[in-house]
Amino acid sequence: MKKRKNKIFIGTRGSKLALYQSEWVKSELQKLHSGLEIQLIKIKTTGDRILDVSLAKIGGKGLFVKEIEDALLKGKVDMAVHSMKDVPTDLPEGLHIAAICKREDPRDAFVSQVKNLEFEIKNFKELPHGTTIGTSSLRRSCQLSHTRPDLKIKQLRGNLDTRIRKLDEGQFQAIIVAVAGMKRLGRNERITEILDPDICLPAIGQGAIGIECRIDNESINNIVKVLDHEETSISVRAERSFLKRLEGGCQVPIAAFARIVSNLPSSLFSKGGRERDLVKEGGGGLLIMDGLVGSITGDRIIKGHIEGKPKVSEVLGIKLAEDLLAQGAKEILSEVYQVF
């Protein structure tokens, strides 16, 4: 293992959430490997620098990882910690995802304004006609517009604290953010409601932390692999194979949610991911996956569902994508790419 003065360097974005995730990885590795000295190296990415334009309009893939991957390839850092939802499906030659850590709740959170210690709007279903919602995601705006065409959905960029501040200032009546980020940064009390996947299917890899390393750095790979969580890894890799087959990026209206449940007939499961109480640790059971592709305006959404053995999770992801393509997803995605 290549060390600099007996240190291992982790490349990370400088946001509060990214630093929390990287500090967590650092702490876990030091618990598992006595005497390991680790230092975080903050790297500003394209997505961090450009905050006044929607991610979709910036264009390209890897907006939050490219500069970190460059540092990894040049040997300036030994590993990189990412939110898996930001990682493109095609990695630079010589790099791989060595571990995907245990997933936090992958769903989206509905967050409304607070007045007199109570939420102004109690839940998504109670949204008044024409409510202004803030989100940075075409995936979210597409699904919300499909359910509620009357909503006024406006661009919302910035870190989590900035988004909540803009909500409290009255720029929005509600915002949609990832549950995982709210929980990791201790903002649970501001979650008004966790959205059912029937309303808003999560982003590919949402809630999961990935550790990227150089393939040829055997020592670092051996250190990192202990943090790989089998069930999460299987599920996220299924979602990523779905995204790759669609040739999509993380800024387009594509969503997927894979999970492993006990090996029971799907007819026994209720809709919307509520079968999570049956989730089993490890790779046994049944992999269940839902996916969708939607238009920017949300007027068209194509959904699919697939079930199968976890050991062929990536094949299932590809098959689900091909099912959506056969239903017309290719035409929708072509229109999306023409706009941006």
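Each value in this text was obtained by applying a stated rule to the coordinates, not by laboratory testing. Predicted model only: the values in this text are computed from it and were never measured. A quick note on method: Cβ atoms are made from the backbone with ideal geometry, for glycine too, and the neighbour counts reach across all protein chains shown.
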Practice task
Give me the net charge of HIS129's neighbourhood, meaning all other residues with Cβ under 14 Å from the Cβ of HIS129; Lys, Arg count +1, Asp, Glu -1.
Solution key: +1
Problem - Links that overshoot a 27 Å alpha carbon limit, given the list LYS7/LYS42; LYS183/LYS309; LYS166/LYS330 - result: LYS183/LYS309; LYS166/LYS330
Handout entry: Binned Cα-Cα distance frequencies in the range 94-208 - 5 Å width, integer %
Key = 2, 11, 22, 25, 19, 10, 4, 3, 2, 1, 0
Practice task
Per DSSP H run of n ≥ 4, the term is -39500 (n - 2.57); total these for the chain, divide by its residue number, and report the mean residue ellipticity at 222 nm rounded to 500 deg cm²/dmol.
Solution key: -9000 deg cm²/dmol
Practice task
Report, for the chain, the % of DSSP beta bridges that are antiparallel, rounded to 5.
Solution key: 75
Fill in the blank from the handout: Comparing LEU32, LEU40, LEU243 in a Gaussian network model of the chain (Cα, 10 Å), the one with the largest mean-square fluctuation is LEU32
Exercise for the section: Pick out which of LEU117, LEU160, LEU227 has the largest mean-square fluctuation in a Gaussian network model of the chain, springs linking Cα atoms closer than 10 Å. Expected result: LEU117
Exercise for the section: Compute the relative contact order of the chain as a whole-number percentage, counting only Cα pairs closer than 8 Å that sit 6 or more residues apart in sequence. Expected result: 20
Problem - Against the rule of thumb 2.2 N^0.38 Å, how large the Cα Rg of the chain comes out - result: 0.98
Handout entry: Reach of LYS26 by Cα under 13 Å, taken over aspartates and glutamates that are not fewer than 8 positions away in the same chain
Key = GLU37, ASP78
Problem - Label point distance in nm, GLN338-TYR20, each placed 7 Å from Cα along Cα→Cβ - result: 4.1
Handout entry: Computed magnitude of the charge dipole of the chain (debye, nearest 20; Cβ of K, R +1, Cβ of D, E -1)
Key = 780
